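> A single structure is presented below for examination.
The values are calculated or read from the model by the stated rules, or taken from the named source; none is laboratory data. Computed from a prediction, not measured in an experiment: that's the story for all the values here. So basically every Cβ, Gly included, is an ideal-geometry build from the backbone, and we count neighbours across all protein chains shown. Note: accessible area is taken over every heavy atom of the protein model, side chains too, but ligands, DNA and RNA are not part of it. Shrake-Rupley method; radii C 1.70, N 1.55, O 1.52, S 1.80 Å.
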Amino acid sequence: MSMTALRLAVVQFTPEFGEKQKNLSRMRELVEDVTADIFVFPELCTTGYFFLSRDEVAKAAEPADGPASKFFRDMARDKNAVVAAGFAERRQKNLYNACLIVVPEEKNPYVYRKTHLFYKETVCFDPGNTGFFVIEDKKRDVRIGPMVCYDWRFPESARVLTLLGAELIVCPSNLVTKAWRKVMPARAIENNVYLAVANRAGLEKRKGEELLFKGNSAIYDLDGREIKKAGEEKDEVLLTEIYPSKTRDKSFNAINDVLTDRQPQHYGPLTRIVK
Ligand code: ACM
């Protein structure tokens, strides 16, 4: 088995709402001296998070080949690295809370549109229509599965990505609770995958309502160990080595295997209630 190590960088930072240029500059500054094979940035990292209406999103959103996409493509080429980052996407009349994944050798970025919308996202964005998918990066020998923030509350997200072959799940996030910190390690263990959560920090106040983003970005290995963790408040870059080939054998003893032991015939449709 080849045991190629990949350097994974998870970038925690504090976007300013509506300050796209400043946010892009800050992100560039944060990674300037970082060498890695994969970079993960938070959800909606170019615009900030707390949109209150579709009109606000429509003004800030960009097509998947717009300036933010060009910024991340340039970064991917400069760093010779895959870059995953959340952004507000406009496609015709639709608005998506999306994640770009740029592979430097490929012309077009991949776009994952967040499946499960959280809180006021439900009035500001359209539900994602891409579904879950996995990107096979042959050069780096890794399969990357994106999900975004609140997708974490649905174990199906990580499971579907794993069934599609994900070895590293990347999760750009703007997390406001702490419950995810108990759940993400479980997603890593039950799927035998690496999981990288790039959260943001800071407070956003909009029309009398506040959202406090709780940092603590983290990288979990396939045993659910938190191999790197950021603080709650500061911008920082977590850097570690991962070994994607280790995730390919899903057995954990001589007999059991977390994928082949599944019994999907008993997982749905749920028609029988036993009292
Ligand atoms: C979230 O989905 N931003 C909590």
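> Could you check region 144-184 and list, in sequence order, the residues that are in a helix (DSSP H, G or I), hydroxyl-bearing (Ser, Thr, Tyr) and within 15 Å of the ligand (Cβ to nearest atom)?
Result: Tyr150, Ser157.
> Would you please list the contacts, defined by Cβ atoms under 6 Å and residues six or more apart or on different chains, that run from a residue in region 66-78 that is over 12 Å from Glu105 (Cα atoms) to a residue that is hydrophobic (A, V, I, L, M, F, W, C) and part of a helix (DSSP H, G or I)?
Phe71/Leu24
> I'm told Ala201 meets every condition in (1) over 18 Å from the mean Cα position of the chain (by Cα); (2) among the small types (Gly, Ala, Ser); (3) part of a strand (DSSP E or B) except one. Can you identify the failing condition by its number?
If we test Ala201 against (1) over 18 Å from the mean Cα position of the chain (by Cα); (2) among the small types (Gly, Ala, Ser); (3) part of a strand (DSSP E or B), just (1) comes out false.
> For region 229-271, give me each residue that is in a strand (DSSP E or B), open to solvent by 60 Å² or more (accessible area, probe 1.4 Å) and among the hydrophobic types (A, V, I, L, M, F, W, C).
Result: Leu239, single match.
> So, one more: Return a yes/no flag: does region 40-52 have any residue that is more than 16 Å from the ligand (Cβ to nearest atom), farther than 22 Å from Leu161 by Cβ and touching a strand residue (DSSP E or B) at 6+ places or on another chain (Cβ under 7 Å).
Scanning region 40-52, I find no residue that is more than 16 Å from the ligand (Cβ to nearest atom), farther than 22 Å from Leu161 by Cβ and touching a strand residue (DSSP E or B) at 6+ places or on another chain (Cβ under 7 Å), so the answer is no.
> Out of region 84-140, which residues are of a type in the set (Lys, Arg) and touching a residue at least 24 places away in the same chain (Cβ under 8 Å)?
Arg90, Arg91, Arg113, Lys114, Lys120, Lys139, Arg140
> It is to be established whether one or more residues within region 213-230 are out of contact with any strand residue (DSSP E or B) (no Cβ under 8 Å at 6 or more places or on another chain), over 17 Å from Ala158 (Cβ atoms) and not β-branched (Val, Ile, Thr).
No - not one qualifying residue is present in region 213-230.
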